[in-house]
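Where a number appears in this text, it was derived from the coordinates with a stated rule and is not lab data. Quantities reported herein were computed from a predicted structural model and do not represent experimental measurements. Using ideal geometry, Cβ is built from the backbone for each residue, glycine included, and neighbour counts are taken over all protein chains shown.
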Amino acid sequence: MIYFFIFLIGISFGSFLNVLIYRVPNGLNIAYPPSHCPNCKTPIKWYHNIPILSWLVLKGKCYYCKTKISFRYPLIELISGLIFLAVFIKNGVNLFSLNIALIFLLLLALSMIDFEYKAVPDSINLTALTLSFFVSNDILENIKNALLLAGIFSFLRFYVSFYVSLKEEHFLKTRVKNSPWLKSFYPKFIMVEALGEGDIIVAGTIGAILGLKLSLVALFISAILAIFPSIYLRVTQKDYQLPYIPFLAMALFIVYIFDERFNYLLEQLYG
């Protein structure tokens, strides 16, 4: 019974998460005006705003103007409920579980915003980082781990950006050599940012939650998760930049939930 109640709390937070995903990147107030249909602007009654259930009853349409409501809304609510369940089952019913579950929900919101708007709001990202300092009683250790991972990711950002910039510069030089008239259209110095500043903040959150060893595992898994979507998009949409935060968030969740198995694997590999 307690876990059903926890699931209900999770989907309720998921409903608010949908508000963040829509309003924050559009510069809108998250509290006012109250929930309303984006199409007809009619305020939504509370019984039309029950997580998951209302979407099913209304058949995915606005009650007033019959405009379709994206399946993303109940999906985010469902995922939020499942995240709460997973974290509380793993960690027990306590305030630390609530804190960690909220961090994962904020990372879910960041992931959706990153996918849809190619933006990473600092208000959400820094809130997740700040909450991550309090995932255990050892706050100073959590802050230290956050700084270590943010530093590692910063170095990684510089090296990867340097490598990508060299490749881009070589490509442009080849094009200019074959078509000299293009020279005036290209910058003298090429600098491509391979990773964003928002990724560094998320890395800090990962460090605070997992510690150093498991954080490195999570970074490795995030790279594995991103390989095939990256290859696919590179072939089909050459100008599309794949957001990395969703893969960092997924890897963090996987390693956190199965941390004992990953620790055992590391012990077997390194003794």
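Out of every Cα-Cα pair that the stretch 1-140 contains, those further apart than 26 angstrom amount to 28 percent. Residues Ser35, Ser54, Ser215, arranged from fewest to most other Cβ atoms within 10 angstrom of their Cβ, appear as Ser35, Ser54, Ser215. The H on the amide N of Lys61, modeled in the peptide plane, is under 5 Å from the matching H of Ile69, each at least 5 residues off or on a different chain. Using the Cβ of Gly151 as centre and a radius below 12 Å, the other residues enclosed give a net charge of +2, where K and R count +1 and D and E count -1. The value of relative contact order for the stretch 21-112, using C-alpha pairs under 8 Å at least six residues apart, is 19 percent.
Counting beta carbons within 10 Å around each of Asp114, Asp259 and listing the fewest first gives the order Asp259, Asp114. The trypsin sites (Lys or Arg not before Pro) of the stretch 47-84 that DSSP puts in a loop, and whose beta carbon has at most 13 other beta carbons within 10 Å, are Lys59, Lys66.
Placing unit charges on the Cβ atoms only, positive for Lys and Arg and negative for Asp and Glu, gives the chain a dipole magnitude near 1160 debye about its Cα centre.
Under the simplified labelling scheme, the Asp122-Tyr270 pair shows an inter-label distance of 3.4 nm, with each label point 7 Å from Cα along Cα→Cβ. The value of relative contact order for the chain, using C-alpha pairs under 8 Å at least six residues apart, is 18 percent.
Sorted ascending by nearby beta carbons within 10 Å, beginning with the fewest, Val255, Val235, Val57 become Val235, Val57, Val255.
The slack in the chain from Gln241 to Glu197, taken as 0.36 nm per residue of separation less the alpha-carbon distance, amounts to 14.3 nm.
Taking each of Lys45/Lys68; Lys66/Lys118; Lys41/Lys61; Lys118/Lys144; Lys41/Lys68 in turn, the alpha-carbon distance tops 20 angstrom for Lys66/Lys118; Lys118/Lys144. Amide H contacts of His36 (H built 1.01 Å from N, in plane; Pro and chain starts excluded): Ile44 sit under 5 Å, all sequence-distant by 5 or more or on other chains. Entry note, the chain: the mean residue ellipticity at 222 nm calculated from DSSP H runs of n ≥ 4, each adding -39500 (n - 2.57), is -23000 deg cm²/dmol after division by the residues and rounding to the nearest 500. In the chain, the C-alpha radius of gyration followed by the widest Cα-Cα span (Dmax) gives 21.6, 72 angstrom. Taking θ as phi - 60° and the Karplus parameters 6.51, -1.76 and 1.60, the scalar couplings of the stretch 72-84 work out to 4, 5, x, 5, 4, 5, 5, 4, 4, x, 5, 4, 4 Hz in sequence order, x denoting glycine and proline.
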